[in-house]
Each structure stands twice: as structure tokens, then as C-alpha cells.
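*Asks:* The structure is given below, and queries will be raised subsequently.
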């Protein structure tokens, strides 16, 4: 049964005990620094390993959001096709779909740090290659597709490893705060990355944006390489199934756990519906920015920046008070608001009003990611966390399918109709979950 009693589990107490011995050393340093880090909103930053992971995430997130603007703008510039805006995301679905389950099992068996490092290095090299191709005038649409596919391969391994590693760097009593801080930096990047990409594209072209992204991945790698995560206890996959257990058995066990745990199952349903129907509206932002609102690449960056500002506000609230929130209620209500805000954005003919709606969109968006991620990690023991988070990140596959669908709908009936239809479907899906799974709103 879902309830507050489930949170006081032996698993969480064991994890807290395992990290308590290192807490004193993490708090060493100047008194003023300790006082700052003891502030409720940033208390997780007291832990060195989490700080390093967090700083590395800040640079990789910045590059990620710059790529969202740059890749869409580049393919639209090369092809002038709304359908290809969806297809360029579609090629990312294949590796994510087939590799995410394997990546989750790998994250539970082997070095999570190494998975993150390899992914960041490969991402940086691919983005650098795109920059060179653009600057030399040799860029072709297939280059955009190949690099999108290649980056999706390594991202499939990086995402569950990074998400699962958060809980390896600090006691689970600080997990909600840590995920909130991760969401803050992700949304700071969402606020500044698109705007920076828009300025760079307008000033130096997309090549300048991609060169900067490659530099950011280099900086992320410098932070990540300094991580010295504690050895994980041999349990779950290693203890209960044995070192020689097959990946197939491990993957099946992860799916079984995710389905049988009601809180995890509900959180995954919420994020999957949001990813299918609502999140893909950003795929059509180049169409809105260039053709419907007439504000160009810089305007597209500002729209995503406004979305990031709203998301940042929610992330700060979650980091400060997330452990006291009725998470189930906020997940469902937030995603419903997300869908309705997207419908409003589709109907807006004014850029300023569209920006205001994007702030609301960003505020609601975090409910479908930060709170869902917190619920999944809170209700998952360490030995399953890599696999449950790999299923969570398969929402990217669902989002990609949604991107292809919304691109096709826009080609047939226009961008405004496509976004409004998808946003409405997402909001109705949350109402359905609320009615069909009444205990979902009581998840803590």
C-alpha cells in the first residue's frame, strides 16, 4: 500500500547508516562555509562527491539545452521541414529503446562514474565534429541525424548512471534536497543555455554554438573525473542473483520490481503520459518562433529561457520543502497544469503572452520530472535504482515518439492544432490516473 509508512523502510535506514560515518568529514572547512551549506535549500552540497557530480551536471546540462535549440534550428535551416524536426528526435528513440534496459543493469553492476565519463567525452567529440563541419561548409542533414543517433547511444548509458549515482553520494535523508538541487541546475541551464545558443547562432552561426557545447562537455569531464564514490555494497544483482547472473534476468527483475511497487509504477505512468503528449511541444518551437510569432532563433531561445525560469522556481521549492509535499498530488496536478498551459501557448498570437505562458509551463514541467524522480528513487532500494531510473529515462523514447507524432500532425493540420491536441490529451491522461488510481494522490 502507498503511504508514509513505506518510507520508513530498513533499506533507507541501512543506506543512512552506511553514509553516516563519512558525514563528519564532509562538514570540515571554514565555519562560514559550513553555515552556508547548512541552509535547508542547499544542504546536500555539504557532501563533496555530490558537489562534484552537481558541478559536472551543470556544464553537461548547459550543453544539452544549447543542443536542443541548435539541432532543431540547424535541421530546420537545412531542410525547411517541420516533419524533420520530429524525425531528428525520432532517430534517438532507437538506441534509447533498446539500450536503456541494458544501461540500467550496467549501472547496477559496474562503475557509474565510468559510464558518465565515457558519455561526456563522446558527446563532446561529436559536438566538436559538428562545429567543424558547419564552419567548413560541409554540413549535411545526415550529419545531424548520425550525431543525434550517436549521442543517444551514450546518453542511454549516462542518464541512469548519473541519476542512480546521486543516492551514492549522500545519505538518503538528503535525497529529495539533492534531486531538487539537480533540478535547479538543470533548469538554470534550461534558462541560460537556450538564450546563449540563440545569441551564438545569431552572431556566429550554429557552428559557434556547437563549439561552445563541446567546451562545456570538456569542463563537465574535468569535474566528473575527480569523483571518488564509495564502493557500493554487493547486494541485489551481485548478492541475490550472483555475479554471473545474466543481464536478461537482471533486466526482468528490474521491470518486475517497477511494476509491483505501486508508487514507482504510478510515477512512471505519470512521466510516460507527460512525455508522450505534452513534452514534445518543444519540437515545434522553431515553427512558432520563426513562422507564427516571427521572433527568430533569439526569440526561440527566450521562450525556452522563460520556461526554464518557471521550472527554476519549482525546483527551488522542491529543494527546500520537497520532503513535506504530498508528492502524488503535486505530480498529477502539476502535469495537468502543464498540459493546459501548452494548450494556451498554442493559441497565443502574442510573443509576450507566449513567454508568460512558458513560465507557467516550466513551473508545471518540474512536477513531471523532479517529483517523479524523487518518488522513484525514494521507493527503490539501491540495488534496483539503476534499473528503475533506466525505465524512467525511457520516457525519452516516449517523448521521441511524441515528437514524431506532433511533427506529423503539424504537417497535416498546422503547428497550433497539433500542440493544442497533444496538450489536451496529456491533461486528460492525468485526470484518468487520478480517477483510476485514487491512492496515487496520497504518495508521499
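The values are calculated or read from the model by the stated rules, or taken from the named source; none is laboratory data. Keep in mind the model is a prediction, meaning the values are calculated, not measured. Cβ sites come from the backbone with ideal geometry, for glycine too, and all protein chains shown count toward neighbours.
*Asks:* Quickly run through region 113-131 and pick out the residues that are touching a residue at least 60 places away in the same chain (Cβ under 8 Å) and more than 17 Å from the chain's Cα centre (by Cα).
*Replies:* Listed by number, the residues that qualify are 113, 117, 121, 124, 125, 127, 128, 130, 131.
*Asks:* Against the definition (buried (at least 18 other Cβ atoms within 10 Å of the Cβ) and at pLDDT below 85), how does residue 44 come out, yes or no?
*Replies:* Numbers: buried (at least 18 other Cβ atoms within 10 Å of the Cβ): yes; at pLDDT below 85: yes.
Spelling it out, residue 44 is indeed buried (at least 18 other Cβ atoms within 10 Å of the Cβ) and at pLDDT below 85.
*Asks:* Looking at the structure I just gave you, is residue 329 assigned to a helix (DSSP H, G or I) and either touching a strand residue (DSSP E or B) at 6+ places or on another chain (Cβ under 6 Å) or within 30 Å of residue 173 (Cβ to Cβ) (or both)? I'd like the intermediate steps shown before the answer.
*Replies:* Numbers: assigned to a helix (DSSP H, G or I): yes; either touching a strand residue (DSSP E or B) at 6+ places or on another chain (Cβ under 6 Å) or within 30 Å of residue 173 (Cβ to Cβ) (or both): yes.
Answer is yes for this residue.
Each row is one residue, and each column tells you yes or no for (1) touching a strand residue (DSSP E or B) at 6+ places or on another chain (Cβ under 6 Å); (2) at pLDDT 90 or above; (3) surrounded by 16 or more Cβ atoms within 10 Å (Cβ to Cβ).
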| position | (1), (2), (3) |
| --- | --- |
| 408 | no, no, no |
| 417 | no, yes, no |
| 420 | no, yes, yes |
| 428 | no, yes, no |
| 434 | no, no, yes |
| 437 | no, no, yes |
| 440 | no, no, yes |
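*Asks:* Take region 62-85 and flag every residue that is closer than 30 Å to residue 222 by Cβ and either free of Cβ contacts under 8 Å to residues at least 60 places away in the same chain or surrounded by fewer than 22 Cβ atoms within 10 Å (Cβ to Cβ) (or both).
*Replies:* Step one: list which residues in region 62-85 are closer than 30 Å to residue 222 by Cβ, which gives 62-74.
Within region 62-85, 64, 68 qualify.
*Asks:* Residue under question is residue 170, and the condition is that it be out of contact with any strand residue (DSSP E or B) (no Cβ under 6 Å at 6 or more places or on another chain), outside any helix (DSSP H, G or I) and crowded, with 24+ Cβ neighbours inside 10 Å; does it hold?
*Replies:* It is true that residue 170 is out of contact with any strand residue (DSSP E or B) (no Cβ under 6 Å at 6 or more places or on another chain), outside any helix (DSSP H, G or I) and crowded, with 24+ Cβ neighbours inside 10 Å.
*Asks:* Another question, if that's okay. Out of the residues in region 194-207 that are closer than 23 Å to residue 138 by Cβ, assigned to a helix (DSSP H, G or I) and touching a residue at least 12 places away in the same chain (Cβ under 8 Å), state the one that is nearest to the chain's Cα centre (by Cα).
*Replies:* Result: 197.
*Asks:* Sort through 193, 198, 180, 124 and tell me the only one that's surrounded by fewer than 24 Cβ atoms within 10 Å (Cβ to Cβ) and out of contact with any strand residue (DSSP E or B) (no Cβ under 9 Å at 6 or more places or on another chain).
*Replies:* Being surrounded by fewer than 24 Cβ atoms within 10 Å (Cβ to Cβ) and out of contact with any strand residue (DSSP E or B) (no Cβ under 9 Å at 6 or more places or on another chain) holds for just one of 193, 198, 180, 124, which is 124.
*Asks:* Something else now. Take the residues of region 317-342 that are farther than 19 Å from residue 267 by Cα and modelled with pLDDT of 85 or more: which is surrounded by the most Cβ atoms within 10 Å (Cβ to Cβ)?
*Replies:* Among them, the one singled out is 342.
*Asks:* Just name the residue that is surrounded by the most Cβ atoms within 10 Å (Cβ to Cβ) out of those in region 134-155 that are in contact (Cβ under 8 Å) with a residue 24 or more places away in the chain, part of a helix (DSSP H, G or I) and more than 23 Å from the chain's Cα centre (by Cα).
*Replies:* 134
*Asks:* Would you check if residue 99 is under 30 Å from residue 311 (Cα atoms), surrounded by fewer than 21 Cβ atoms within 10 Å (Cβ to Cβ), touching a helix residue (DSSP H, G or I) at 6+ places or on another chain (Cβ under 7 Å) and modelled with pLDDT under 85?
*Replies:* Against the criterion (under 30 Å from residue 311 (Cα atoms), surrounded by fewer than 21 Cβ atoms within 10 Å (Cβ to Cβ), touching a helix residue (DSSP H, G or I) at 6+ places or on another chain (Cβ under 7 Å) and modelled with pLDDT under 85), residue 99 qualifies.
*Asks:* Checking residue 380 against (1) within 19 Å of the chain's Cα centre (by Cα); (2) part of a helix (DSSP H, G or I); (3) modelled with pLDDT under 85: exactly one of these is not met. Which one?
*Replies:* With respect to (1) within 19 Å of the chain's Cα centre (by Cα); (2) part of a helix (DSSP H, G or I); (3) modelled with pLDDT under 85, residue 380 is out only on (2).
*Asks:* Does residue 170 qualify as being touching a helix residue (DSSP H, G or I) at 6+ places or on another chain (Cβ under 8 Å) and at pLDDT 90 or above?
*Replies:* Judged against the criteria, residue 170 is not a match.
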